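The values are calculated or read from the model by the stated rules, or taken from the named source; none is laboratory data. Source: prediction; values computed, not measured. When we count neighbours, we look across all protein chains shown, and the Cβ atoms used for this are built from the backbone with ideal geometry, even at glycine. Surface areas here come from the heavy atoms of the whole protein model, side chains and all, with no ligands, DNA or RNA. Shrake-Rupley method; radii C 1.70, N 1.55, O 1.52, S 1.80 Å.
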Amino acid sequence: MKITKSRLKEIIREEIKDFKIEQKLRKKIREYTSSVSSAGRTILKKGEIGRDYASALSSEKTATTNYTTAQKSSAAANNALVKHDNSKPVTGGATTSAPGVRDGVDAAYVSTNSRTRARIYSNSNTTARPALYGAWAKNPSFVSWNNARTSKVADVNSARRTEKSAKALFDARTKDAKKARARNFELQNTPIQLPVTAVPPVPTGGGGAGAAPGQGKGRGKGKGKGKGKGDEE
């Protein structure tokens, strides 16, 4: 039995079409197999840190550093104030107390003897003065000390505000990190939900694009025309 050239071309085209259909079917099967094989895997591996948790940890670390720094700054400012307070000019010793004034009170005022230039100190400008001692005047050393103290008190207050703000942020970031840690653990135990691609049904005949290899119209056609007029014996 001989086959005409035109019929041979037709058969080849049909075989190519069947081959392409088979390749598409194999691809669908591979996709299905890949989806099914992913079952049992989790979104995050055991011990893996996800992006959100890593970000929360970084923020918590920064907040912790800032809070620690603020605490140190606050403590330093407070210590500086305590040290300054210990240097306050008070009556007693080299700073002679005025008659009737006890030692250890603020040496805020000074009176000078007009003859000997000796000085006496008091915490009030209404304290009685001995003879030859002039009017009470503000003690320059005490004024300077008091101005410096005002500045140091401001430093302490500012440092405390910064510490309070840093503490609030630290608490918030610690809370966020705790939530992120719980969520990260949850993702380590959450299976991946992949869409399963359905395997297409195998065509059972009828030819055309849906025909499976060996079951299309082409093969039946070739067989049916073996003894037709168009073929030569």
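Could you tell me how many of the residues in the stretch 62-117 are within 30 Å of LYS167 (Cβ to Cβ) and of a type in the set (A, V, I, L, M, F, W, C)?
The number of residues fulfilling the criteria is 8.
Name the residue, out of THR174, THR162, that is touching a helix residue (DSSP H, G or I) at 6+ places or on another chain (Cβ under 8 Å), β-branched (Val, Ile, Thr) and open to solvent by 60 Å² or more (accessible area, probe 1.4 Å). Give the derivation first.
Details: THR174 fails: open to solvent by 60 Å² or more (accessible area, probe 1.4 Å).
From the options THR174, THR162, the qualifying one is THR162.
Going by the conditions given, is ALA54 within 27 Å of ASP176 (Cα to Cα), under 56 Å from the mean Cα position of the chain (by Cα) and either assigned to a helix (DSSP H, G or I) or modelled with pLDDT under 80 (or both)? For ALA54, the condition - within 27 Å of ASP176 (Cα to Cα), under 56 Å from the mean Cα position of the chain (by Cα) and either assigned to a helix (DSSP H, G or I) or modelled with pLDDT under 80 (or both) - is met. Within the stretch 71-107, the set of residues being among the β-branched types (Val, Ile, Thr), open to solvent by 60 Å² or more (accessible area, probe 1.4 Å) and part of a loop (DSSP other than H, G, I, E, B) comprises THR96 only.
Residue-level analysis places PHE185 outside the set of residues that are touching a residue at least 12 places away in the same chain (Cβ under 8 Å) and in a helix (DSSP H, G or I). Only one entry in VAL110, VAL156 is open to solvent by less than 30 Å² (accessible area, probe 1.4 Å), assigned to a strand (DSSP E or B) and not acidic (Asp, Glu), namely VAL110. Tell me which residues, restricted to the stretch 112-161, are among the β-branched types (Val, Ile, Thr) and touching a residue at least 60 places away in the same chain (Cβ under 8 Å). Across the stretch 112-161, the qualifying residues are VAL153, VAL156. Of the listed requirements (1) assigned to a helix (DSSP H, G or I); (2) surrounded by 11 or more Cβ atoms within 10 Å (Cβ to Cβ); (3) modelled with pLDDT of 80 or more; (4) of a type outside the set (A, V, I, L, M), GLN23 misses just one: (2). Among residues belonging to the stretch 122-153 that are more than 60 Å from the chain's Cα centre (by Cα) and of a type in the set (Phe, Trp, Tyr), point out the one that is farthest from VAL82 (Cα to Cα). Residue satisfying both the conditions and the ranking: TYR133.
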